[in-house]
1. What are the extents of the Cα atoms of the range 29-156 along their three principal axes, listed from largest to smallest and rounded to whole Å?
2. Can you give the extra length, in nm with one decimal, that the chain gains between Asn199 and Ile531 once fully stretched, where that is 0.36 nm per residue apart less the Cα-Cα distance?
3. Based on the Kirkwood radius over alpha-carbon pairs, what value in µm²/s does the Stokes-Einstein equation return for the translational diffusion coefficient of the range 362-505 at 25 °C and 0.890 mPa s?
4. Assuming a viscosity of 1.567 mPa s and a temperature of 4 °C, what translational diffusion coefficient in µm² per second does Stokes-Einstein assign to the range 115-262, Rh being the Kirkwood radius over Cα pairs?
5. Give the value in nm², to one decimal: projected area of the alpha carbon convex hull of the range 431-491, averaged over all directions.
6. Would you kindly derive the ³J(HN,Hα) couplings of the range 553-558 from the backbone phi angles with the Karplus curve 6.51 cos²θ - 1.76 cosθ + 1.60 (θ = phi - 60°), listing them in order in whole Hz, with x for Gly and Pro?
7. Assuming R0 = 30 Å, can you tell me the calculated FRET efficiency for the pair Val223 and Trp349, based on Cβ-Cβ distance, to the nearest 0.05?
8. Can you check what the net charge comes to around Ser169, using other residues whose Cβ is under 10 Å from the Cβ of Ser169 (Lys, Arg +1; Asp, Glu -1)?
Amino acid sequence: MGITGGLAPIGGRAALTIVPSYEIQDPANFIDVERTNTFLGLKGDITETWTYDAYIGFSWSDGDYKQSNWLDGQVSASLDAEIDGNGNLVCSAASLADYPDCVAGDLFTEDALLRGILPQDHLDFISTFTQGNTVYESEQFAAYVTGRLFDMPAGEVQAVFGYEYRNESINDVPDIEHQNDNLWGRSSAGITKGEDTVNEFFTEIEIPLFQDAALAQELTVNVSWRYTEYDSYGGDDTYRIGMNWQTNDWLLIRGTTGTSFRAPDLFEQFLGNETSFLSPFGRDICFDYGENFTPDTTVFQNCASEGLAPDFPGAAGSPSIRTITGGNPDLKAETSDSWTAGFILTPEWVGASVAFSWFDIEIENTVASPSVGFVISDCYNSENFSSGFCSRIAPRDAAGFLTDVDASLLNVGLQRSKGLDIDIVYTKEFSAFDLTIDLSATHIEKQSQVLLGVFDDYKGKWSYPDWVAQGDIRVDYRDWTFFWNVDFVGSQDEDGPSSRICKTGTKTYNGASIRYSSQADWEVIGTVRNIFDKDPPFISDGCGSQTAARLFNTVPGVGYQLFGRTFSLQLSKAFNL
């Protein structure tokens, strides 16, 4: 309620803003969902060595979502006001022609300015309660048989054969005002409606090759295969081959190779177009491009070719960028090829286990919604606007500002991740207490993406540091448990102008907790996070990241603690009823 003030950036500068915070900014929301899940199963024995299991199920949900909103057309009409012959504030003739019940809005009364309170008749005219409805239905059937195929010297060969069927449909109908983009300060949303059916056949066989042999206490191979067919996409098959080789009491060698397949889901195919509004700061790469880029760079030349001044937008403010996000019925299915290989050392005399696992994963046609910043950056970094993403950017308005950007779902060409996982666990029982030390680390060797034929190397960029690690130390003493953890995030570096801070150094965060569990089923846990009160790394606008979104002056979701030192206390008691 009332008036809020603050410094808002305008073209890289600052200006004082006064924003009325009326009660519509904290609207009433209501969600009412009716849900039914019904499943019927049957399982039993076929022979002494074969069993079956089957079920059929039906799921249905019907949900209404309601929210108080202001209508954009009515708000505009109420503010298009004039003084009549009697000195009263009334709606203009044009507004009354469109809205005969128009009530003029006076935002300069004492109640409006100081308390954020508008007259009830004005609120009644501009307000409405919008209601949308979502219906989701699913039919499922699955059946499989499992048992022994035959015997080998090392043991039984086991197998599974099965079939699955799924039919899913969704019908989400937002309020007509949402569909018509007539809500003040809020996004629009279209109808999401679609149906898909899936049929799958699968099998899995486990083969024991060796048992208690030289250099092979146990060697087992597992092979699985699945064929999947979607009405919306078509069919494809996948496989997986895994091996576990226990050479002796302390060395296990393991490896897998396989493929995966996932067709786009209902949401990704049929999502109705939604709109939202984003600040252009940090997204419109042409802001102050004369300061951020040299004349020989592609960005400088592209911005200049649009007739923008090097200090664009100068001292002027800037409207928001409208973002459009929707489904894509032409999406391809996601597929992947991967392999993993590694070993586990468990020497009993040390009391520790050490695991090394190498991985290499390639995913093709990942379904994703590109960020607005990525679309703009990729376009303006291409010579003569040759990037395929340039078609997703609407022409600038007469003042040079960006208007609409299409961030609808698409297939990412190819993503590859290659690296190493390390896990070390040490346990020791002392006479007075038990000690556990758990260390894990991941090293990224390759992280890349091919999008619209363009290769991008993300290794070392935001969200993909060369190393991340975590260490935990736990001490158990009678009814007490003491816990200390350390999180490590490696350095990351984005491309950007030399005048910007686009590199983050290594960061380490510490936390601790104490837990007391009494014999009377009481438990108390005290926790301190970010013990040494470390700030997240500071980064600048204009770095043009393709891998992570910048929030205020840092990067969320990378592992950095976004809050300072925090404390929490949890108390619980178990009861037997």
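Derivation of every value follows stated rules applied to the coordinates shown; laboratory data play no part. Small disclaimer: the values here were computed from a predicted structure and weren't measured. Here Cβ is always computed from backbone atoms with ideal geometry, including for glycine, and neighbour counts include all displayed protein chains.
1. 103, 29, 20
2. 114.3 nm
3. 128 µm²/s
4. So the translational diffusion coefficient is about 62 µm²/s.
5. In nm², the orientation-averaged hull projection of the range 431-491 is 5.8.
6. Couplings: 10, 8, 10, x, x, 9 Hz.
7. So the FRET efficiency works out to roughly 0.25.
8. Numbers: positive: Lys193; negative: Glu137, Glu139, Glu168, Glu195, Asp196.
Here the charged neighbours net out to -4.
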